[in-house]
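Let me begin by presenting the structure, written as structure tokens, before commenting on it.
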Amino acid sequence: MTLELFLFAALLNAPVTVPGAEDWSRSPEAYFLTSEEKQEWKHLQSEEARQQFRETYWKRRDPTPRTDRNEFKDTILARIRSADAQFTIGRTPGSRSARGLVFVVLGPPTVQQQIAGPVKGAAPEMITPGRLSVPNDAFDTTEFHTWVYNRETSSDLLSVLEIPSLEVAFTIEPGHRDEIRDSSRFQRWREMIARHTIVAAAARAVQSE
């Protein structure tokens, strides 16, 4: 095969993408993709196939498939809007920040604990773990937040993960960026939840028949 024919064949087999179009699999709506679904998405060849995949993604997670409403989709879109309103950093929408990711996947925490960085000219006893005891401008720019999920408000979530309680810690540079301090553990939780959204929906669909 000549080089020209080889390149032409490669182009025919390459996924069709629109210049400048966003990769939907990296969007907040796609936070519940399982590892298998991510691989399936990568091999789609056309925008029509990708649109069908997105529709199926939501249908797989519809807890009441015989009704017009998809409660799971409504909940996630509402969380995305709430995250955008609360956690936007500069030009980064809140739902695409680290806290936004956790908020969309896990929902609102039972308790939010916040401790800022080293205090400038303040005595150590002025800091109370879990809350701010001095004005924000008394701290360096780095903040440390911990979100706690317990049985009081997150029993269903904890049952899925089979743990008694859950904490997610963040390091935040206000106005610049935030990150999950143990991202590998969160990603394991995220995969478990993503799989459960499909399994739970399928089980409820069988029960409704």
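The values are calculated or read from the model by the stated rules, or taken from the named source; none is laboratory data. Treat the numbers as computed from the prediction; the structure is a model and nothing was measured. Glycine gets a Cβ as well: all are built from the backbone with ideal geometry, and neighbour counts include every protein chain shown.
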Count - residues of the stretch 147-199 that are among the small types (G, A, S) and part of a strand (DSSP E or B): 1
Options R69, R50, R60: the member that is basic (K, R) and either under 28 Å from L166 (Cα atoms) or at pLDDT below 95 (or both): R60
The stretch 183-209, subset of a type in the set (D, E, K, R) and at pLDDT below 95, residue surrounded by the most Cβ atoms within 10 Å (Cβ to Cβ): R204
Hits in the stretch 63-96 (condition: of a type in the set (A, V, I, L, M) and surrounded by fewer than 17 Cβ atoms within 10 Å (Cβ to Cβ)): L77, A78, A85
Among the candidates A30, A49, residue that is among the aliphatic types (A, V, I, L, M), surrounded by 13 or more Cβ atoms within 10 Å (Cβ to Cβ) and more than 20 Å from the chain's Cα centre (by Cα): A49
Within the stretch 137-177, considering residues that are within 16 Å of T110 (Cα to Cα), among the hydroxyl-bearing types (S, T, Y) and touching a strand residue (DSSP E or B) at 6+ places or on another chain (Cβ under 8 Å), the one surrounded by the fewest Cβ atoms within 10 Å (Cβ to Cβ): S165
Residue satisfying all of: in the stretch 96-149; of a type in the set (S, T, Y) and at pLDDT 50 or above; farthest from S25 (Cα to Cα) among these: T141
Residues (hydrophobic (A, V, I, L, M, F, W, C), more than 23 Å from L166 (Cβ to Cβ) and touching a residue at least 24 places away in the same chain (Cβ under 8 Å)) located in the stretch 72-104: L77, I89
Every pair of residues 6+ apart whose Cβ atoms lie under 6 Å, when the first sits in the stretch 150-173 and is in contact (Cβ under 8 Å) with a residue 60 or more places away in the chain while the second is of a type in the set (S, T, Y): L166/Y149
